[in-house]
Amino acid sequence: GLERMSLVFQRTESWQSGPQQLGRTFCLRTGRLLALHDLYTGRYADSIYEYILDEIQREESSYYENYKVNARKHLQEENYFLTPQGVALFYPPDTIAPEEKGVLHFTIPYSLLEEYQIPRQMEEEPAP
């Protein structure tokens, strides 16, 4: 059955700021907020970062020159959601590309993270 639920909140442009997005994933049995480090272990963050860089390099000219530094700096472990295709991460406008590109989404295939996955019974144990 369903064991996790992701919620995505999106706000379109307002007079104060551009579009914003927030994603949160919860364990339905415990109600606990799950960060990526609750689901994956080891060098999963490096795999995610490399995947995102590969995706950016397909249209590199539309990103800031320092996108490599900013892609790692602005990768938020709690700000993601789960899709049937994989783990979807996003970057706010003006972090790795100009604001007019909006919120940038990258969906990391589950197969890329499979070797780092923590067994579900362990992810639900409370942290010491």
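The values are calculated or read from the model by the stated rules, or taken from the named source; none is laboratory data. In this text, all values refer to a predicted model and were calculated from it rather than measured experimentally. Cβ: placed from backbone, ideal geometry, glycine included. Neighbour counts: every protein chain shown. Quick note on the areas: whole protein, heavy atoms, side chains included, nothing else; ligands and nucleic acids left out. Shrake-Rupley method; radii C 1.70, N 1.55, O 1.52, S 1.80 Å.
Looking only at the stretch 27-37, count how many residues are more than 13 Å from the chain's Cα centre (by Cα) and either under 26 Å from T95 (Cα atoms) or open to solvent by less than 30 Å² (accessible area, probe 1.4 Å) (or both). Show your work before the answer.
To start, the set of residues in the stretch 27-37 that are more than 13 Å from the chain's Cα centre (by Cα) comprises 27-33.
Now drop any that are not either under 26 Å from T95 (Cα atoms) or open to solvent by less than 30 Å² (accessible area, probe 1.4 Å) (or both), which leaves 27, 33.
The qualifying residues number 2.
Only one residue in G102, G86 is under 17 Å from A35 (Cα atoms) and either surrounded by 14 or more Cβ atoms within 10 Å (Cβ to Cβ) or aliphatic (A, V, I, L, M) (or both). Which one? Can you show your working first?
Details: G102 fails: under 17 Å from A35 (Cα atoms).
Step by step, each of G102, G86 is checked, and only G86 is under 17 Å from A35 (Cα atoms) and either surrounded by 14 or more Cβ atoms within 10 Å (Cβ to Cβ) or aliphatic (A, V, I, L, M) (or both).
Could you tell me which residue of the stretch 105-116 is modelled with the lowest pLDDT, considering only residues that are surrounded by fewer than 15 Cβ atoms within 10 Å (Cβ to Cβ) and assigned to a strand (DSSP E or B)? Don't jump to the end; show me each part of the working.
The initial filter retains those residues of the stretch 105-116 that are surrounded by fewer than 15 Cβ atoms within 10 Å (Cβ to Cβ), namely 105, 109-111, 114-115.
Pick out the ones that are also assigned to a strand (DSSP E or B) and you get 105, 109.
Working: H105: 89, P109: 97.
Per the stated criteria, the residue is H105.
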Members of the stretch 38-62 that are more than 21 Å from P92 (Cβ to Cβ) and in contact with a strand residue (DSSP E or B) (Cβ under 9 Å, 6 or more places away or on another chain): D38, L39, Y40, T41, Y44, S47
Exactly one of E55, E50 is surrounded by fewer than 18 Cβ atoms within 10 Å (Cβ to Cβ), of a type in the set (D, E, K, R) and farther than 20 Å from G102 by Cα, and that residue is E50
Neighbours by Cβ (under 6 Å, 6+ apart or cross-chain): first from the stretch 42-69, at positive phi; second open to solvent by 30 Å² or more (accessible area, probe 1.4 Å) and at pLDDT 95 or above: G42/Y116
Assuming R72 fulfils every condition listed in (1) within 18 Å of Y51 (Cβ to Cβ); (2) open to solvent by less than 70 Å² (accessible area, probe 1.4 Å) apart from one, which condition is it? (2)
